[in-house]
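The values are calculated or read from the model by the stated rules, or taken from the named source; none is laboratory data. For clarity, every value in this text was computed on a predicted model and none was experimentally measured. Don't worry about glycine lacking a Cβ; one is built from the backbone with ideal geometry, like all the others, and counts go over all protein chains shown. Side chains are part of the model used for accessible areas, which takes the heavy atoms of the whole protein and leaves out ligands, DNA and RNA. Shrake-Rupley method; radii C 1.70, N 1.55, O 1.52, S 1.80 Å.
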Amino acid sequence: MKKFLTGNEAVARGAYEAGVTFASAYPGTPSTEILENIGPYKEDIYAEWAPNEKVALEAAIGASIAGARALAAMKHVGVNVAADPLFTYAYTGVNGGLILVSADDPGMHSSQNEQDNRNYAKFAKVAMVEPSDSQEAKDFVKAALEISEKFDTPVLFRMTTRICHSKGIVEFGEREEVGIKEYEKNIPKYVAIPANGRVLHVKVEERLKKLEEFSNTTELNRIEWNDKKIGIISSGIAYQYAKEVFGDKASYLKLGFTFPLPMKKIKDFADQVKKLYVIEELEPYIEEQIRAAGIDCIGKEVIPRIGELNPDIIAKAILGEERETISFDESKLVSRPPTMCAGCPHRGFFYELSKKKNVMVTGDIGCYTLGSAEPLSAMDTCICMGASISAGHGAQKAFNKHGVDKRVVAVIGDSTFFHTGVTSLLDIAYNRSNTVTVILDNRITGMTGHQENPGTGYTLQGEKVPFIDIPSLCKSIGIENVKTINPLKLDEVSKALDETLASDEPSVIITRWPCVLKKPTPEDIEEFGNEKFVCEVLKGDCKGCRICTKTGCPAIEFDSNIKKAKINEDMCVGCEVCLQACPFDAIEKVGE
Amino acid sequence: MSDVKNILLVGVGGQGIILASKILSTGLMNAGYDVKMSEVHGMAQRGGSVTTQVRFGEKVYSPIIGKGQADILVSFEKMETGKWIEYLNVKGKVVVNDYEILSAPILIGKEEYPRGIMEELKEKTDVTVFKAADIAKELGNIRTMNVVMVGALVKAIGLDNIDWEEVLRNTVKEKYIDINIKALRKGMEQVK
Ligand SMILES: Cc1ncc(C[n+]2csc(CCOP(=O)(O)OP(=O)(O)O)c2C)c(N)n1
């Protein structure tokens, strides 16, 4: 059977076919759909959303030690969070095969940086595979698990946005039931104390030698001989781009197994071609190792190391070719930045926060990061998940220490709070800063497309479970001042902010209202209702003051011809934020 | 490689572009082509510009389309056409939905929606503009706008020999099949 799948869907299918029985992940573009597509294989694979990537990898490690084939998936920055268990599981080795899928995001389509996670394989000394299309994404899962078990190593399964989110035709296979391997207690192997670690490190180095031999012989690294004037070494999506540009006018060493690199094969290939190019996206990962082995090549002096690669860049850099294009003056076009949706519960909160004076807002990652955009501009920092609270704590302590009269408001989403915000809040509770922490609980993981999380009451595979109650959690760790408010009620928001900003104690505000795009659960309907309204501008009363547009709602347009606001009825959901913002009562709510 | 054809669909998050390209690529796959498609997820979907790229032929390597390479640019929103016109082959065609979605800087009154884009483009290349949203509304569901666009697209690029109605029967929900088939036919009528 053939199907048209994204790389992520193909990895899910690969996990199914390869007999994986345990999968855990934390969502993150471009990796999210891997677990979403493993979820439905309920009969055969247990799959879950973990609260963060470290937990996801550790859970997969546990399953692997127990003897099951296991998979953990995450976006590139997730591997930073999961690096600690990765580096040590690299020492102990596996029982059931384990793969860690790292989905990198060259070009930063949806990320805060473009780190090249191939370096992690080398750094942690684990084997690495890199698929270059959807078919390989499926097939390499099985290959990687076999490598994992044969060489006793976790395998880094490195993908990039264009592999994850491009579709290609995939030929299906059958599921292989590998069952569970026998678990044997083995203290020297699995208890990584210094004495054992010293022995394990020696084994790791031996393993790398064996893996390099394998790398030289495996079909995952294959040579395609054509014209030998140009030889190209490439992997992942860059290989497809190179093929697109050179077709059969060059020879290729196509690398699918990229750590350790097949140095012997590379040398043989290099010896036979006249000019050797290394074409890779982001870092000179392959190039540096090739050069270190004394082989000359052309790489990053022509291929950029910043941003996403594409065939045009390669054609221009190496062949000096560019296609003719239609000239058009783009300067008259207006940008289209992403915005909070009409009816987004974050809007009311940020609208009020933007009016508070003398505050520093430490932000975090999620839809609410859009609170930093105009016209709200109500966020000062965004570093990494969880940092809003801890960085906010540090900033408040520093301000207080130096007598700077400034208050810090830390803003974090519900999923992000469960991710790493809880430990940060512990810092505040323990070390007592009067930081105001605001948890924007929209009852779902919004930004990445609505994944369940510990606060939603449901699991990835649809099981109904007790939800973690955020107010009780905050109180139990020692924050006494905890308030839950409705972010769509502007006076409630303003009052809660004023009260907490006046306090010398740590405090938490929880804004609780579901994401406007969330498919409501029965519990949501019971708690929040399900009525549909729209808001309308009363033309006669509108004074054209534009205050409603300061909420940044995409449904509100200001008609400069008649100098009046207008609400797009197709977009409006009747959240009433603009209605409360209007100083002239010129907006009213009407039934649908 | 020269036999590979390139279709670029552009618009704004929420306009149904991903479904349109799914319909398209399913039909192409059924017709025996090698097909690759690239889509955008994540941040941009929140009201930002979105694009999907479909490439088909004997054998396709890259899933993405280069500048000056698209055989057809299908634009679901007028201003987006301008942003992607660079990607059109100089001999390519443009099909545009005469529809405006105001972006944030326009909504808050900082900028104005640009005028005259279509007039300028018509002087430079083969452009078909029509109101797909109105057609979809007349049919009774604005959401079928994407299928109206698919209809126009397959006609414009000469793929109307593929049984698209069959594809629709297999991709959209039962109760929406009839209206989508009508949308497809209407779309095809828009292109000579
Ligand atoms: C370490 C890390 N993991 C994952 C992500 C991807 N990511 C960005 S935002 C987000 C979800 C945010 O959800 P939530 O905190 O509930 O806020 P919402 O988007 O719903 O407002 C995720 C998973 C990331 N940026 N960094």
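Brief remarks on what is shown
- Lys/Arg +1, Asp/Glu -1 at C-beta; the protein assembly as shown dipole; positive extreme among A:Gly197, A:Asn481, A:Ile567: A:Gly197
- By a 1.4 Å probe calculation restricted to protein chains, A:Cys384 has an accessible surface near 60 Å², given to the nearest 10.
- Heavy-atom accessible surface of segment A:473-526, averaged per residue, reaches 50 Å², computed with a 1.4 Å probe.
- When A:Thr459, A:Thr217 are compared by accessible area of protein heavy atoms, the largest-first order is A:Thr217, A:Thr459, using a 1.4 Å probe.
- Each residue of segment A:529-540 was assigned a 3J(HN,Hα) from its phi angle through the Karplus expression (A = 6.51, B = -1.76, C = 1.60, θ = phi - 60°), giving x, 8, 7, 10, 10, 9, 9, 9, 8, 7, 3, x Hz with x at Gly and Pro.
- Averaging Cα coordinates gives a centre for segment A:128-180 and one for segment A:17-62; these two points are 14 Å apart.
- The charge dipole of segment A:221-319, taken about its Cα centre with unit charges on the Cβ atoms of Lys, Arg (+1), Asp and Glu (-1) only, comes to about 340 debye.
- Most positive-pole-ward Cα, A:Val404, A:Phe328, A:Gly7, against dipole of chain A from beta carbon charges: A:Val404
- Percentage relative contact order, segment A:143-253, counting C-alpha pairs under 8 Å, at least six apart: 24
- At q = 0.14, 0.24, 0.25 Å⁻¹ the log10 of I(q)/I(0) for segment A:229-325 amounts to -0.46, -1.41, -1.53, computed by Debye summation with a single uniform scatterer per C-alpha, solvent ignored.
- Placing a label point 7 Å from the Cα of A:Glu219 along the Cα-to-Cβ direction, the residues of segment A:140-172 whose backbone N falls under 16 Å of that point are A:140-147, A:171-172.
- Stretched out straight at 0.36 nm per residue, the stretch from A:Glu523 to A:Ala192 would grow longer than its current Cα-Cα span by 114.7 nm.
- Residues A:Phe246, A:Phe172, ordered by accessible area of protein heavy atoms at a 1.4 angstrom probe radius and largest first, appear as A:Phe172, A:Phe246.
- The tail of the calculated P(r) for chain A beyond 33 Å holds 52 percent of all Cα-Cα pairs.
- ³J(HN,Hα) computed for each position of segment A:189-195 - Karplus, 6.51 cos²θ - 1.76 cosθ + 1.60, integer Hz, glycine/proline x: 7, 9, 9, 7, 9, x, 4
- Sequence of A:Arg162, B:Arg143, A:Arg323 when ordered by accessible area, the most exposed leading, probe 1.4 angstrom: B:Arg143, A:Arg323, A:Arg162
- Distances between placed amide hydrogens fall under 5 Å for B:Glu111 paired with B:Ile106, all partners being 5 or more residues away or on another chain.
- Between chain B and chain A, roughly 5000 Å² of accessible surface gets buried, counting both sides and using a 1.4 Å probe.
- Between A:Leu426 and A:Met1, residue separation times 0.36 nm minus the direct Cα-Cα distance comes to 147.8 nm.
- Annotation: amide H-H contacts under 5 Å for A:Gln451 (H modelled 1.01 Å from N, sequence separation of 5 or more, or interchain): A:Thr445.
- Taking every protein chain into account, the accessible area of chain B amounts to 40 square angstrom per residue (probe 1.4 Å).
- Magnitude of the charge dipole, the protein assembly as shown, Cβ model with Lys/Arg +1 and Asp/Glu -1, debye to 20: 860
- In chain A, the calculated helix contribution to ellipticity at 222 nm averages -10000 deg cm²/dmol per residue, counting -39,500 (n - 2.57) for every DSSP H run with n ≥ 4.
- Positive-end residue, chain B charge dipole about Cα centroid, Cβ charges, pick of B:Gly13, B:Ile101, B:Ser62: B:Gly13
- Amide H contacts under 5 Å for A:Ala50, placed H, 5+ residues apart: A:Ala25, A:Tyr26
- Cα-based shape type of segment A:534-590, given that a ≥ b ≥ c are square roots of the gyration tensor eigenvalues and the cut on a/c is 1.5: rounded
- Pairwise FRET efficiency - B:Glu119 versus A:Ile180, Cβ, R0 = 56 Å, nearest 0.05: 0.25
- Value of relative contact order over segment A:103-190, rounded to a whole percent, pairs C-alpha under 8 Å and six or more apart: 31
- With DNA, RNA and ligands ignored, accessible area of B:Tyr87 (1.4 Å probe; Å², nearest 10): 50
- The phi-based Karplus calculation (6.51 cos²θ - 1.76 cosθ + 1.60; θ = phi - 60°) puts the 3J(HN,Hα) values of segment A:98-107 at 9, 10, 10, 8, 10, 9, 7, 10, x, x Hz, whole numbers, x for Gly and Pro.
- Rolling a 1.4 Å probe over the protein chains gives A:Asp271 an accessible area of about 110 Å².
- Cα centroid of segment B:73-102 to Cα centroid of segment A:234-265, whole Å: 35
- Relative contact order for chain A, counting Cα pairs under 8 Å that sit 6 or more residues apart, in percent: 11
- Bridges between two residues of segment A:2-217, per DSSP, are antiparallel at a rate of about 20%.
- For segment A:345-528, a crude dipole built from +1 on the beta carbon of Lys and Arg and -1 on the beta carbon of Asp and Glu, taken about the Cα centre, is about 400 debye to the nearest 20.
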